[in-house]
Amino acid sequence: MFADRFRVSASRLYLVIGAWGGFAWSLIGVAYALYYITIAHLNPLQLVLVGTALETSYFVWEIPTGVLADTFSRRVSVIAGTGIVGIAWMGQGLVPVFIAIAGFEILRGLGEAFTHRAIEAWVAGEVGDDALDALFLRETQLTQVAGFVGLPIGVALATVDLRIPIVLGGALGLLLSLLLIFLMPERHHPRRDATRTWRATVGTARRGLSAVRTSALLVTLLCAEFFWGAASEGSDRLSDAHLLIDLRFPPFRITPVVAFGALSLAATIVIIITAQLTRRAVRRLDERVVSRSLVALQLLRVGGRAAFALAPIWVVALLPYFFESMIRASFYPLFNAWLIRRTEEGVRATVLSTTSVANALGQVMGGPISGAIGNLYGIPAALLSSAALLFPGALFFAQANGLRGGAIRAPDNPEARFTSG
């Protein structure tokens, strides 16, 4: 393997991947929404259908790609997914037609399914479980720093042509996948010495599905992920519209691309500081306190989103807007580490993919509900509905924390009964 010659540290490479991806996404993120509207001329229905195409593709492919990662190679899964996502973004930037954009979003869903959770499972297998909290938080911090660097570059390029940062960001993703072929090691795959056949793949899938059926902890987490996904779709798609349409942001005749770029820069600074403070705090806290803190963060998130929806002016709305960014920066790295530690290594990518499927299913089902509420009663009402959907997710997660001996294992007996383990 080429990676053995270079002797690259898995933890350092994980941080590089995060930073590289953060920079590339910052280029794309500042331009793609405006590109859809002003260059591709997508109407509201087409904008929703583009998102539905992505989430449906992701939903279909997430579990099969997780099984392949657990059975064959998490390294190959990450490399393939990174390249596919890069190609998909390049295609969207080059062909501003609805059918083409929807097709490339379907392709991106496949790529995201390959990479999502596989990279966390890969680095956990390479470096061990003990250092995951600090590593994931550090990755979040570096990703945001790289995004902070990339955002003004993306804004500058977007003022020339909205297509440039999208195509360039996709090209950087494709280049990263090519570099990973030579640099990414995989020395500790749980099935490295097993026969890599489709029979082994089926066996991994059965073990993962058995874990779903027999673990009360995982079933509870799937319910939480479903509601988190249902809540996220409406918020992610309507928050900027709420600022732009309802609260008349930006002020002083500033162009939207510059204003939202500046807003993203400010949010990035907040996330970097939050990740650093959280990383320091985690070192002094035991796991029980961290688990309770995760529940508290989700409950605070409900209140923050409701405050954003009800804010009378944009100045007031920006406070809960940044507050939710802080919560996300704290919650998801800790949650990933929390979940990985409770999952048997041999089915990690499969189980983690299952939770992602629940989230994607929630997005597919919850997004249209919030959109319909927005059409009938206004965007603030839609955002309130998404806040309401967060609440049962927080309750299910609190229940998952309360399960004793909570761990997700693949039982040897496929007929094993439903237990709390």
- request: Any residue in region 333-352 that's modelled with pLDDT under 70: show its pairings with residues that are open to solvent by less than 10 Å² (accessible area, probe 1.4 Å) and among the hydroxyl-bearing types (Ser, Thr, Tyr) at Cβ separation under 8 Å, as long as the two are six or more apart or on different chains.
  value: Gly346/Thr204; Val347/Thr204; Ala349/Ser77; Thr350/Thr204
task: Return yes or no: is Leu180 assigned to a helix (DSSP H, G or I), open to solvent by 10 Å² or more (accessible area, probe 1.4 Å), among the hydrophobic types (A, V, I, L, M, F, W, C) and touching a helix residue (DSSP H, G or I) at 6+ places or on another chain (Cβ under 6 Å)?
output: no
- prompt: Ile327 versus (1) modelled with pLDDT of 80 or more; (2) open to solvent by 60 Å² or more (accessible area, probe 1.4 Å): which is the lone unmet condition?
  reply: (2)
- prompt: Looking at region 1-53, which of its residues are over 21 Å from the mean Cα position of the chain (by Cα), outside any helix (DSSP H, G or I) and either modelled with pLDDT of 80 or more or buried (at least 16 other Cβ atoms within 10 Å of the Cβ) (or both)?
  reply: Val8, Ser9, Ile39, Ala40, His41, Leu42
field: Qualifying residues in region 374-421 (those that are assigned to a helix (DSSP H, G or I), touching a Ser or Thr at 6+ places or on another chain (Cβ under 8 Å) and modelled with pLDDT under 85) - the one surrounded by the fewest Cβ atoms within 10 Å (Cβ to Cβ)
entry: Asn401
message: Being small (Gly, Ala, Ser) and over 15 Å from Ala382 (Cα atoms) is the filter here; which residues of region 304-318 pass it?
response: Ala317
- prompt: For Pro152, which of the numbered conditions (1) part of a helix (DSSP H, G or I); (2) open to solvent by less than 30 Å² (accessible area, probe 1.4 Å) fails to hold?
  reply: (2)
- prompt: Residues of region 77-110 being open to solvent by 30 Å² or more (accessible area, probe 1.4 Å) and over 19 Å from Gly29 (Cβ atoms), which ones?
  reply: Ala80, Val95, Val97, Phe98, Ile99, Gly103, Ile106, Leu110
- prompt: Given (1) part of a helix (DSSP H, G or I); (2) open to solvent by 10 Å² or more (accessible area, probe 1.4 Å); (3) not basic (Lys, Arg), where does Glu62 come up short, assuming only one miss?
  reply: (2)
task: Specify the residue that is modelled with the highest pLDDT; the eligible residues are those in region 111-149 that are in contact with a Lys or Arg (Cβ under 6 Å, 6 or more places away or on another chain) and buried (at least 21 other Cβ atoms within 10 Å of the Cβ).
output: Trp122
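The values are calculated or read from the model by the stated rules, or taken from the named source; none is laboratory data. Keep in mind the model is a prediction, meaning the values are calculated, not measured. As a convention, Cβ positions derive from the backbone with ideal geometry for all residues, glycine included, and neighbour counts pool all protein chains shown. Accessible surface is based on the protein model in full, side chains and every heavy atom, while ligands, DNA and RNA are left aside. Shrake-Rupley method; radii C 1.70, N 1.55, O 1.52, S 1.80 Å.
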